[in-house]
Amino acid sequence: MSQIRAVILDLDGTLVDHVGSVTKALEGWLPELGATLTAELRGAWFVAEEKHFPAWRAREVTFAEQRRRRLRDFLPLIDSPVGLDAE
């Protein structure tokens, strides 16, 4: 049985088209929340990513917590409830 020895996150787009994959994901996810992807919303997602990802990278928060922080910033922009962490 092999073990995963490393996980590579390529947020600068060197190895993988991060911007393209995020855009495609947002295009699929936002309609489920009653929203349509706009340039402003796409930009807001990346602003939240840039704001909160460094805390995870510095090991100040867990990966899940930095995702929650991003959603707390982003969801109000589409009038979607944020909810509690447990939700």
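The values are calculated or read from the model by the stated rules, or taken from the named source; none is laboratory data. Quick caveat, the model's predicted, so the values are computed rather than measured. Heads up: the accessible areas ignore ligands, DNA and RNA and are worked out on the full protein's heavy atoms, side chains in. Shrake-Rupley method; radii C 1.70, N 1.55, O 1.52, S 1.80 Å.
At-a-glance table
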quantity: Extended-chain gain in nm, criterion 0.36 nm per residue less alpha-carbon gap, V82 and F46; calculated: 11.2 nm
quantity: Accessible surface, segment 19-87, averaged per residue in Å² (probe 1.4 Å); calculated: 66
quantity: Helix axis angle, 63-74 relative to the chain longest principal axis, alpha carbon, degrees; calculated: 20
quantity: Pair-distance profile P(r), taking every C-alpha pair of the chain, with 10 angstrom steps and integer %; calculated: 15, 43, 33, 9, 1
quantity: C-alpha long axis of helix 18-29 to longest principal axis of the chain, angle in °; calculated: 50
quantity: Angle in degrees between helix 39-57 and the longest Cα principal axis of the chain, rounded to the nearest 10; calculated: 40
